[in-house]
Amino acid sequence: MIKRILILEKNHPFIIYKLKKEGFICDENYYDSTDKIDISVYDGVILRSRLKIDKKFIKKAKKLKFIARIGSGIENIDKDYALKRGISLISSPEGNKDAVAEHAIGMLLCIMNHIIPSHQQIIKKGKWERENNRGMEIMGKTIGIIGYGNTGKSFAKKLSGFDARILCYDILPRIGDSYAMQVDMSTIFKKSDIISLHVPYTKETKGMINYDFIKKFYKPIYLINTSRGGCVLTNHLVRGLKNGKIYGACLDVLEYENSSFENIFHNHKLPKSFFDLIHSNKVVLTPHVSGWTKESKSKMDKKIVEKIILLNNEIYS
């Protein structure tokens with residue numbers, strides 16, 4: 001039976017309240033590194049992104065039955081080794097799918113309608129530029145969604161009122177629905193005006209948006225990335241922006257983030273392409289907050305608790 005759970009980051013108080021109410025013992029450790037944590041006495045671990053749960057740490061976990069990450073990705077966990085040890089991996093992408101979808105649409109509207117530069121022109125320069133800020137409509141465009149899981153599906157659903165054509169590509173078959181038609185990548189390349197990434201960060205998706213990928217599109221595109229920064233090679237993206245293959249980019253995540261998504265400006269080795277990116281008027285940037293709403297924080301925490309209770313019931317029913 002799952003009895004003792006270690007919580008490694010501060011979360012919504014609901015987590016501890018609900019788990020204790022269900023009879024679990026909850027210990028908290030928000031500061032120690034994995035080298036200093038005695039994981040051997042715990043049946044479960046809950047974390048976000050503060051620590052990397054590697055093979056060395058998992059080896060010391062004699063009783064561990066699950067690792068739960070509050071969020072949509074598990075790249076800070078050695079997934080293969082954990083599964084080999086029979087440890088269940090839990091995440092909560094259902095909790096922030098709507099936040100990510102709304103944020104992606106917000107960024108897209110900003111970039112297509114020049115909202116940020118026109119705002120800055122008015123308040124900082126006293127300019128009233130109408131023709132130069134003429135926008136484009138989502139209506140009538142073809143939107144290609146790459147990765148059709150929780151966030152991809154939510155994005156498509158929220159776009160349904162814009163009267164756009166929505167296509168999706170995923171490595172899993174037959175997951176298209178009434179909001180998006182599942183197609184192959186050749187159709188995505190041929191038809192898309194807008195591309196939105198909703199993929200996990202894996203060996204296959206690392207650097208997937210490179211110039212060889214970009215040049216396959218028949219038309220210039222808008223690119224949205226709310227998944228992981230490492231999926232897009234920044235220097236290749238900048239090249240696409242400069243030569244017109246990409247009209248504009250909406251980026252909530254950047255290649256230069258570390259695994260805990262801390263302030264990238266602490267990195268003193270940022271390349272020239274990064275500064276080309278942040279000084280471009282064709283780019284909208286946000287600091288990895290697309291899934292970071294007040295509502296999603298609560299929903300992700302509740303979903304994690306639900307899954308832990310369900311796992312316990314499945315193991316010991």
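Read-outs throughout are calculated quantities, based only on the coordinates presented, and are distinct from any laboratory measurement. Model, not experiment: these values are computed from the prediction. Every residue, glycine among them, receives a Cβ derived from its backbone with ideal geometry; neighbour counts consider all protein chains shown.
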| remark: Karplus ³J(HN,Hα) for the range 131-147 (6.51 cos²θ - 1.76 cosθ + 1.60, θ = phi - 60°; Hz, whole; x = Gly/Pro) runs 5, 5, 10, 5, x, 10, 9, 6, 3, x, 7, 9, 10, x, 9, 9, x
| field | Ranked by how many other beta carbons lie within 10 Å on average, peptides 182-189, 217-224, 282-289 from highest | value | 217-224, 282-289, 182-189
| query | Relative contact order for the range 147-190: what is it in percent, counting Cα pairs under 8 Å that are at least 6 residues apart? | reply | 39
| query | When the Cα centres of the range 10-47 and the range 183-234 are compared, how far apart do they sit, in Å? | reply | 38
| field | Of the trypsin sites (Lys or Arg not before Pro) in the range 188-225, those whose Cβ has at most 11 other Cβ within 10 Å and which sit in DSSP loop | value | K203
| message | Tell me the angle of helix 150-159 to the major Cα principal axis of the chain, expressed in degrees between 0 and 90 and rounded to the nearest ten. | response | 40
| task | Enumerate by residue number the GluC sites (Glu not before Pro) in the range 103-140 meeting two conditions: DSSP loop (anything except H, G, I, E, B), and at most 12 other Cβ atoms within 10 Å of the site's Cβ. | result | E137
| note | A student asked for the Cα radius of gyration and Dmax of the chain in angstrom ought to give 21.4, 68
| query | When only Cα pairs under 8 Å and 6 or more residues apart are kept, what is the percent relative contact order across the range 232-317? | reply | 32
| field | Residue-span extension gain [S33 to K84] - 0.36 nm each, minus C-alpha spacing | value | 16.0 nm
| field | chymotrypsin sites (Phe, Trp or Tyr not before Pro) within the range 74-152, DSSP loop, no more than 10 other Cβ atoms inside 10 Å | value | W128
| message | Rounded, prolate or oblate for the range 1-102? Axes are the square roots of the Cα gyration tensor eigenvalues, ordered a ≥ b ≥ c, and the cut-off for rounded is a/c under 1.5. | response | oblate
| What net charge do the residues around A99 carry, taking every other residue with its C-beta under 10 Å from that of A99, with Lys and Arg at +1 and Asp and Glu at -1? | +1
| said: Just to verify a number: FRET efficiency for K60 and N258, C-beta to C-beta distance, R0 = 25 Å, to 0.05? | reply: 0.60
